[in-house]
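Participant: The structure is given below, and queries will be raised subsequently.
The values are calculated or read from the model by the stated rules, or taken from the named source; none is laboratory data. Computed from a prediction, not measured in an experiment: that's the story for all the values here. Here Cβ is always computed from backbone atoms with ideal geometry, including for glycine, and neighbour counts include all displayed protein chains.
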Amino acid sequence: MRSAFDALGGWAARSRLPAAAGGVLPIDLGADDDGDDTPDGPERARYRAVFISDLHLGTAGCQARQLLEFLKRHPSDTLYLVGDIIDGWQLRRKWFWPQSHNDVVQKLLRRARKGCRVVFVPGNHDEFARQFDGHQFGGIEVSNEAVHLTADGRRLWVVHGDHFDGVIQCAKWLAYLGDNAYELLLRLNRHLNSLRARLGLPYWSLSQYLKHKVKKALNYVMDFERAVAAEARSRGYHGVVCGHIHRPEMRSIDGTLYCNDGDWVESLSALVEHLDGRLELVHWAPGALPEGIAHGENARGQTIIGA
């Protein structure tokens, strides 16, 4: 296990990370206890599978503490990490790694150690991990794409989705520019929501609002969704699970199930499979989920989308 993380440390050194990083990833392999005394793994799993993506560990926008609460309350037989788990793009520019981000890594390692199958499907922000396709890191499997079989027999293609993003494929410099603009929006959004919280108003996402209002952005999202679904259909899958665009969605596109599990920067969302094969898109709200909340509702009390 230690040699695998040494390989990641080698990537960090080659990527010329800031001196504060020391050329290694700040992961303490000697202690993977995040303070949660409840057992992880299949012995207490309430879900067959959980899919999360776009955590962007290494950025100020990552909602690491909310993610930890979600993971504690959603144990599963299998956990899919569908890309952009570590934000290598931002870490190259500026080192940022608080304890809460380390706690997330330790939680994932603990899941794997306790018997949960953890599959990491790298994205464009952590594309450095794609060279380790077929390897394991602390019990976490690395696979550039995966296939998940649901309890009711549906074959789902699991892929981050950046290969269907024309900006990433044709003008990567523009993607880097857009990434910087997105970080600026997130900083503005944090200040705005601090003010809204003082006024007793709920969380509101500026960037999500702009995405829905700008026609070109909406067309980009729709084109992405259709392209991913079409590729899954051409490969003979019943559906696809992806991330990348930070827009949680679950719908049928020309007979193919399209599932985007969202992100843990703004949407705070995940896709879960229940023991009977039913899929649900779950939205986690700031603050712990009250004990005894009715099944089929999320932390905001809204009905979860199911399929």
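Participant: Select the strands (runs of 3 or more DSSP E) contained entirely in the range 98-160, then report the ones holding at least 1 residues which are surrounded by fewer than 16 Cβ atoms within 10 Å (Cβ to Cβ).
Facilitator: 146-149, 155-158
Participant: Taking only pairs six or more apart or across chains, which ones have beta-carbon atoms under 6 Å, a first residue in the range 120-149 that is at positive phi, and a second residue that is buried (at least 19 other Cβ atoms within 10 Å of the Cβ)?
Facilitator: Filtered contacts from the range 120-149: Gly138/Leu109; Gly139/Ala112.
Participant: Can you name the number of the only condition in (1) closer than 21 Å to Phe51 by Cβ; (2) in a loop (DSSP other than H, G, I, E, B); (3) modelled with pLDDT under 95; (4) small (Gly, Ala, Ser) that Ala227 fails?
Facilitator: In the conditions (1) closer than 21 Å to Phe51 by Cβ; (2) in a loop (DSSP other than H, G, I, E, B); (3) modelled with pLDDT under 95; (4) small (Gly, Ala, Ser), Ala227 misses (2) alone.
Participant: Take Gly262 and decide whether it is more than 19 Å from Gly153 (Cα to Cα), assigned to a loop (DSSP other than H, G, I, E, B), small (Gly, Ala, Ser) and modelled with pLDDT of 95 or more. Spell out the reasoning first.
Facilitator: Numbers: more than 19 Å from Gly153 (Cα to Cα): yes; assigned to a loop (DSSP other than H, G, I, E, B): yes; small (Gly, Ala, Ser): yes; modelled with pLDDT of 95 or more: yes.
Here the answer is yes, as Gly262 does meet what is asked.
Participant: Looking at Ser76, Ser100, can you tell me which residue is among the polar types (S, T, N, Q) and either free of Cβ contacts under 8 Å to residues at least 60 places away in the same chain or within 16 Å of Ser143 (Cβ to Cβ) (or both)? I'd like the intermediate steps shown before the answer.
Facilitator: Details: Ser76 fails: either free of Cβ contacts under 8 Å to residues at least 60 places away in the same chain or within 16 Å of Ser143 (Cβ to Cβ) (or both).
Exactly one of Ser76, Ser100 is among the polar types (S, T, N, Q) and either free of Cβ contacts under 8 Å to residues at least 60 places away in the same chain or within 16 Å of Ser143 (Cβ to Cβ) (or both), namely Ser100.
Participant: Taking Leu68 as the residue in question, decide whether it is closer than 15 Å to Ala270 by Cα and crowded, with 17+ Cβ neighbours inside 10 Å. Give the derivation first.
Facilitator: Numbers: closer than 15 Å to Ala270 by Cα: yes; crowded, with 17+ Cβ neighbours inside 10 Å: yes.
Here the answer is yes, as Leu68 does meet what is asked.
Participant: In the range 248-274, which residues are under 14 Å from Trp284 (Cα atoms) and either of a type outside the set (Gly, Ala, Ser) or surrounded by fewer than 22 Cβ atoms within 10 Å (Cβ to Cβ) (or both)? Working first, answer last.
Facilitator: First, pick out the residues of the range 248-274 that are under 14 Å from Trp284 (Cα atoms): 248, 261-272.
Of everything in the range 248-274, those that are under 14 Å from Trp284 (Cα atoms) and either of a type outside the set (Gly, Ala, Ser) or surrounded by fewer than 22 Cβ atoms within 10 Å (Cβ to Cβ) (or both) turn out to be Pro248, Asp261, Asp263, Trp264, Val265, Glu266, Ser267, Leu268, Leu271, Val272.
Participant: Separate question: Hey, among Leu55, Leu67, which residue is at pLDDT 95 or above, in a helix (DSSP H, G or I), within 23 Å of Glu273 (Cα to Cα) and under 14 Å from the mean Cα position of the chain (by Cα)? Before the answer, list the steps.
Facilitator: Numbers: Leu55 fails: in a helix (DSSP H, G or I).
None of the other options fit; the residue is Leu67.
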